[in-house]
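This is the structure I want to talk about, given as structure tokens.
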Amino acid sequence: MLTKIERILKFDNRRNFKIITPCCGKRNTDGKFVNYKGYSYNFGYCHSCGKATTPPAFYKDEKGQEYQWNEITNSWDTDVVTSPTPSFSENFSSASNNPDQRFIPESLIWKYYKVTPENNLLQYLRKNYPEQDVDRVKEEYALGSTKDKGVVFWLINEDLQVQKNKICYYFENGKRTNRFKAPYKNEDGYYACLFGAHLLGSIKRGEDLVILVESEKTAVVGAILLPQYTWISYGGLNGLTNDKINCLEGHRALLVPDISEQAVSVAYSKLPLLRQIGVNAKIWDMTNDRTDSELKKERVYNNDLEDYFRKVH
Ligand SMILES: [Zn+2]
């Protein structure tokens, strides 16, 4: 039998100016978000938007074990979080190029991270690659799962702020369906950055190689197969835009477009832009000058790097 734990919420006199507010996603530099004493920084009252973000109700059983209801997993959690949790976003400078960029609280990432059963993409990867490698890339990219088995790709910038996410659906064989969701919209201040940009901060600029690929899945598989490189996805043919590539300044990068004439020509068209901002960029053209019809005949048209690796291994 669970009984509800009565609690008293008191405001903390000290403001945390470094957090991103959970309600309106703003930096708390003006201190308008006031925390509740003794609870995580995600809970408090916001004088900016007028919303109270209260901690979930806690319950306890006869033995004194505490529980809290997890709305995402629809189950009771025993790892009740009441104390301030460390956060990516506590140390920030301005990474975003959009002045009205809002950020998603990091705590959300770790909720989706724990959802079971895992999404179809992770399940597929676990069937085909070593467990510890899949665990590693799951953590590196903070891959989340939704209840309907979608994979949550978080777009985290090089200052570790969460700018947006994208929920994609894969079949059990690892192939992508046409279905996807983008719950955080540009018009609400959530703009995309490169997927994997948050990994750039821990490598040597100009020395370590960054590999740029089209799809998030290719980046994740690349990070499993060749972990010595930093794998970043630009999310489709037209994803290498000015506002997203700034984080690559000074880096050494290899672009690996999917195998089609169009993908390769778009990649080449991006080279001047990349070089302009000081990226030492090269292209790995897997078409080897074959035309699309030749590629189709050889059944490699539109293949990505994972298909390529499967064929050479
Ligand atoms: Zn607010």
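The values are calculated or read from the model by the stated rules, or taken from the named source; none is laboratory data. Quick caveat: nothing in here was measured; it's all calculated off a predicted structure. Note: ideal-geometry Cβ built from the backbone for every residue, glycine included; neighbour counts use all protein chains shown. Just the protein is used for accessible areas: all its heavy atoms, side chains included, with ligands, DNA and RNA removed. Shrake-Rupley method; radii C 1.70, N 1.55, O 1.52, S 1.80 Å.
Sort out which residues of segment 35-58 are hydrophobic (A, V, I, L, M, F, W, C), part of a strand (DSSP E or B) and within 11 Å of the ligand (Cβ to nearest atom), and write them in order of number.
CYS46, ALA52 - these are the residues of segment 35-58 that are hydrophobic (A, V, I, L, M, F, W, C), part of a strand (DSSP E or B) and within 11 Å of the ligand (Cβ to nearest atom).
Additional query: On the given criteria, is LYS204 open to solvent by 40 Å² or more (accessible area, probe 1.4 Å), basic (Lys, Arg) and under 30 Å from LYS18 (Cβ atoms)?
yes
If the requirement is being assigned by TED's automatic domain parsing to the domain that holds ASN186 and under 22 Å from ASP307 (Cβ atoms), which of these qualifies: ASP133, ASP148?
On the way: ASP148 fails: under 22 Å from ASP307 (Cβ atoms).
One residue alone meets the criteria, ASP133.
Only residues that are within 12 Å of the ligand (Cβ to nearest atom) and either within 25 Å of the chain's Cα centre (by Cα) or surrounded by 18 or more Cβ atoms within 10 Å (Cβ to Cβ) (or both): list them for segment 15-31, please.
Result: ILE19, ILE20, THR21, PRO22, CYS23, CYS24, GLY25, LYS26, ARG27, ASN28.
Next question. Counting just the residues of segment 254-287 that are open to solvent by 20 Å² or more (accessible area, probe 1.4 Å) and assigned to a loop (DSSP other than H, G, I, E, B), which one comes out farthest from ASN238 (Cα to Cα)?
Per the stated criteria, the residue is GLY278.
On to the next question. Among the residues that make up segment 72-83, is at least one of them modelled with pLDDT of 80 or more and within 30 Å of GLU140 (Cα to Cα)?
No, the conditions are met nowhere in segment 72-83.
If you don't mind, another one. What pairs come out if I take residues in segment 119-134 that are among the polar types (S, T, N, Q) and pair them with residues that are open to solvent by 60 Å² or more (accessible area, probe 1.4 Å) whose C-beta lies under 8 Å away, six or more apart or interchain?
ASN119/LYS149; ASN120/LYS149; ASN120/PHE171; ASN120/GLU172; GLN123/PRO117; GLN123/GLU172
What are the pairs with Cβ atoms under 8 angstrom where one residue, in segment 4-21, is outside the structural domain of GLY44 (by TED's automatic domain parsing) and the other, located anywhere, is among the polar types (S, T, N, Q)? Sequence gap at least six, or different chains.
Short answer, once both residue conditions are applied: none.
Anything in segment 207-234 that is among the aliphatic types (A, V, I, L, M) and surrounded by fewer than 24 Cβ atoms within 10 Å (Cβ to Cβ)? List them, or say none.
LEU209, ILE211, ALA223, ILE224, LEU225, LEU226, listed by residue number.
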